[in-house]
Every structure is written in structure tokens, then in C-alpha cells.
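Data block below; observations after.
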Amino acid sequence: NPKVPQIEQSDHDLATLLLNQAVKDNGDAFSAGYVYVAGFAPLDRRDAVWREFKSAHPQVQEKARFGTVNNPIAQSVANQAAAAYRAHPDIRVVFAPYDEFARGAKLAADEAKLGSKVRIYSADISTADIEAIRAPNSAWVATAATNPAVVGAVSVRAAALAVAGEGLAHHIVVKPTLITRDDLVKNDIKTVTELGARFPAF
């Protein structure tokens, strides 16, 4: 219905923030693992950015592509990631643009003691994710996310404006924020609530 505003996070901006950080951390020539499952709109939008990124950075090599949504997702992805790490020991970056994917990639990295060798870049955040990112020697170094409380506030504001008869754009986009392991450790952030309070950009 064209009269109903669509409120969403920008998956394009989210993936772009992560991949720019990956280049900042690793340079523009690295071997990568990519966690992806087709057919889910947010993941497909993030995949479009990954494809553009590879075209713009020809020295980035996708060595392994894996992913599943079979429950439990993290453990299923961990099994795949472990196989990918064994088959491609040169993987230095894992682009896992969904936090359950990243959790699995981290589990496999932990088991193989690759925390200082592999860097994982993810999307979305929760208190459990923050704990995993902050863990000693964690391979999970960055995520990009929108604050659920902000999305809720934007939604309520849009509803109030609509009731008042104010004109609204059909698409209302909430911009994501990049959150690094260093940000969380430096600011001693342990929960999403603390992140919202201490990290104004979020």
C-alpha cells in the first residue's frame, strides 16, 4: 500500500560501513570467507554491496562461501566455518553480515585458535553479541547495527505524524552505526542499554 510508510535500516549503508572498516584494518588485498544465504531480503541487499565491493577491490579474494539457517544457526555455521578455515588457511577476513552467522564463525575460530589471525565483521547487535565481541582474543572485531529503541521511536513518531495528517516519505531509513571491539572495550560497554547511553552515534 503506497500510503503506508516503510521503516527500515539501510542494509546498503550497514554493509558499506563494515567493508570500509575491513579495508581500514586489513588493507585492500586479503583472502576472505563470506557467510551468506540467498532468499532473505536484508541478506540479499547486503550481498549486492559485497559484490560491488569485490569489483572495486580486485585483490580481495573470496576463498570460501558458506552459510545456513538450519537451527541452531550458530553451531551449524560453526561447522561450516571450521571446514572453510581448514581448507583455506589463508583466510584473514570473514564477512558475516548477520550476528548468528558471526557467532558461528567466531566459535570455529575459537576452536581452531585463530583469534589473532582471523577478523570477523558482522551486522546487528545484542547484549550476548557484545559479550562475544569483548571476549579476550575475540576474532569478532566489528559490527554495524541500528538501535532497536531508535527504530521504535522513529516508528511511533511516524505513526503520530500520520495520525496528525502530516506528509511522510514512503521510505523512512534509519542509519546504522559501526561499532568496533575497541569501542566496546575502551568505553567498558557490556550491554545494548549501555551502548545506547554511552555511544551517542548508536
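The values are calculated or read from the model by the stated rules, or taken from the named source; none is laboratory data. Computed from a prediction, not measured in an experiment: that's the story for all the values here. With ideal geometry, Cβ positions are generated from the backbone for all residues, glycine too; neighbour counts draw on all protein chains shown. Quick note on the areas: whole protein, heavy atoms, side chains included, nothing else; ligands and nucleic acids left out. Shrake-Rupley method; radii C 1.70, N 1.55, O 1.52, S 1.80 Å.
Specify whether the C-alpha gyration tensor of the range 28-73 places it in the rounded, prolate or oblate class, a ≥ b ≥ c being the square roots of the eigenvalues: rounded for a/c under 1.5, otherwise prolate if a/b is larger than b/c and oblate if not. Because a/c hits 1.5 or more and a/b fails to exceed b/c, the range 28-73 counts as oblate.
Using packing as a proxy for protection, rank 185-196, 75-86, 96-107 so that the peptide with the highest average count of other Cβ atoms within 10 Å comes first.
Details: 185-196: 14.3, 75-86: 19.6, 96-107: 26.0.
In descending order of packing, they fall as 96-107, 75-86, 185-196.
Ordering of 32-42, 50-60 by packing is 32-42, 50-60, highest average first (other Cβ atoms within 10 Å, averaged per residue). Electrostatic tally near residue 191: other residues with Cβ closer than 12 Å to its Cβ, Lys and Arg +1, Asp and Glu -1, net -1. Amide H contacts of residue 119: 93, 94, each under 5 Å away and 5 or more positions distant or on a separate chain (H built 1.01 Å from N in the peptide plane; Pro and chain starts excluded).
Scanning residues 5 or more positions from residue 36 or on other chains, those with amide H under 5 Å from its amide H are 66, 67, with H placed 1.01 Å from N in the peptide plane. Once C-alpha pairs closer than 8 Å and six or more residues apart are averaged by separation and normalised to the residue number of the chain, the relative contact order reads 25 percent.
Using a 1.4 Å probe and counting only protein heavy atoms, arrange 184, 168 so the residue with the most accessible area comes first.
168, 184
Note on the chain: the alpha carbon radius of gyration divided by the globular reference 2.2 N^0.38 Å gives 1.07.
Distance cut-off 28 Å, Cα to Cα: go down the list 54/186; 54/175; 63/190 and report the pairs above it. Could the numbers behind the result be given before it?
Working: 54/186 32 Å; 54/175 23 Å; 63/190 33 Å.
From the list (54/186; 54/175; 63/190), the Cα-Cα distance tops 28 Å for 54/186; 63/190.
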